[in-house]
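Chemist: My questions will all concern the structure given below.
Only the coordinates and a few stated rules stand behind these numbers; no lab work does. Given the structure is predicted, the values throughout are model-derived calculations rather than measurements. All Cβ positions, even for glycine, are placed from backbone atoms using ideal geometry, and neighbour counts span all protein chains on display.
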Amino acid sequence: MTDLFGVKIFIPPWVVLPLLLLATVILAYLISSVTLWVLKRSMPELSKESDNRLYRLLRSYLFPVLIVGGLLIVVDAVPLPPKVLRVADRVLVLSGLVLLIFVLGKAALLVLRNIEARYEAMGNIQGPIEMLTKIVFIAVGGMIVLDNLGISLTPIITTLGISSLAVAIALQDTLGNFFAGLYLKTDRPIEMGHYIRLDGGQEGFVDRIGWRSTQICTLQNNVIVVPNNKLTQTIITNFDLPERRMALLIPVGVSYDSDPQRVEEILLDEAKKAVGEVEGLLAHPEPFVQLIPGFGDFAMNFTLTCHVGKFFDQFLVQHEMRKRIINRFRKEGIQIPFHRAYVKPETDQP
């Protein structure tokens, strides 16, 4: 005779237990299947989106959660020997706790990823936030499991506190670089592909922004590795902000015998002709010429200002524009003076 849920039945426990286990599995399967079916009917988008993380989470873990819950009920309902009951109860409770913490961690990551998908800035710190979330759930889950096993947490917490202090001191530079990398990814003063110049003179394209260092690829195809805490403390010139377009200033010196108005017309004409022929040179904003810096020791100094699409375009544009200007000046008879030094030899006095 077996006492089951307060009802006495004339079936031995060793027969009742397998039947209840089978019934638990079948019932858990039916409940999970019906729940998923109802969700599909009430929210059709779940069945249409193959990558829906919420649906996949429920489909993967609803059934095992129901199994563990059902087994806990079955073990408490069937009269078992005290030792067996104690072990089975402990194992099932621990399994349930681990499974619950795991599912809650997955759900928390799901919420974070949905937030990151809505806010672009959050995507830059996705890695560390997810890592910290996992650490928190693992730590909390571990403490809950240890407490359930009857292990005192006070010595462990004390040891961890002392160890954490020692680790923090030993990894001071590493932690400084990590939080500096976090700042770079959230504030975004630089991004991948930007051309930057540091106040120390180093410059190049941002090739990688890591959690410890940032790599800058120079025009010579070398890589400069800058620790993040150094990068956040230096002055950075970003040639791609607030936009990639930039002004290009080309200095031109001509003889004082030249007509300034004619020189200005020639420079503007060559700049406008080059648009569409020289890659990277923009038609708008329109180029302009100024007699600046003005009168030099041996030349009138003009500045031709035009605009290029991005920082790297300036090199080809300068190269082509200087060739066009000098060829046009030669045709127009405009002299480009150069500095001359006259050396007068000193003669011996009689």
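Chemist: What lysines could a cross-link reach from K40, if we take a straight Cα to Cα line under 27 Å and drop same-chain neighbours fewer than 8 places away?
Modeler: K48, K106
Chemist: Less than 12 Å Cβ to Cβ from R197, Lys/Arg counted +1 and Asp/Glu -1: what total charge do the surrounding residues give? All intermediate terms of the calculation are to be shown ahead of the outcome.
Modeler: Numbers: positive: none; negative: D199, E203, D240.
Combined, the nearby Lys, Arg, Asp and Glu give -3.
Chemist: Next up: Pop the C-beta distance of T158 and A247 into the FRET formula with R0 = 56 Å and round what comes out to the nearest 0.05.
Modeler: Computed FRET efficiency for T158 and A247 comes out at 0.35.
Chemist: Would you list which lysines come within 29 Å of K83, measuring only between C-alpha atoms, while excluding same-chain residues fewer than 8 positions from it?
Modeler: Within the straight-line cut-off, K83 pairs with K8.
Chemist: Please give the contour-minus-distance gain from S95 to I235: 0.36 nm per residue of separation, less the Cα-Cα distance, rounded to one decimal in nm.
Modeler: Going from the current span to full extension adds 45.0 nm.
Chemist: Also: First measure r as the distance between the Cβ atoms of Q220 and V145, then evaluate 1/(1 + (r/R0)^6) with R0 = 56 Å and state the FRET efficiency to the nearest 0.05. Could you put the intermediate results ahead of the total?
Modeler: Values: r = 56 Å, r/R0 = 0.99.
Using R0 = 56 Å, I get an efficiency of 0.50.
Chemist: Moving on. Treat each spin label as a single point 7 Å out from the Cα along the C-beta direction, and report the L104 to T174 distance in nm.
Modeler: So the two model labels end up 3.0 nm from each other.
Chemist: Residues in segment 281-298, backbone N under 14 Å from the label point at E332 (7 Å along the Cα-to-beta-carbon vector): list them, ranges by number please.
Modeler: Within reach of a label on E332, which here means backbone N under 14 Å from a point 7 Å along Cα→Cβ, segment 281-298 contributes 288-291.
Chemist: For a 21 Å ceiling on Cα separation, which of these pairs sit above it: K134/K230; K273/K331; K272/K331; K185/K310; K272/K323?
Modeler: Pairs exceeding 21 Å: K134/K230; K185/K310.
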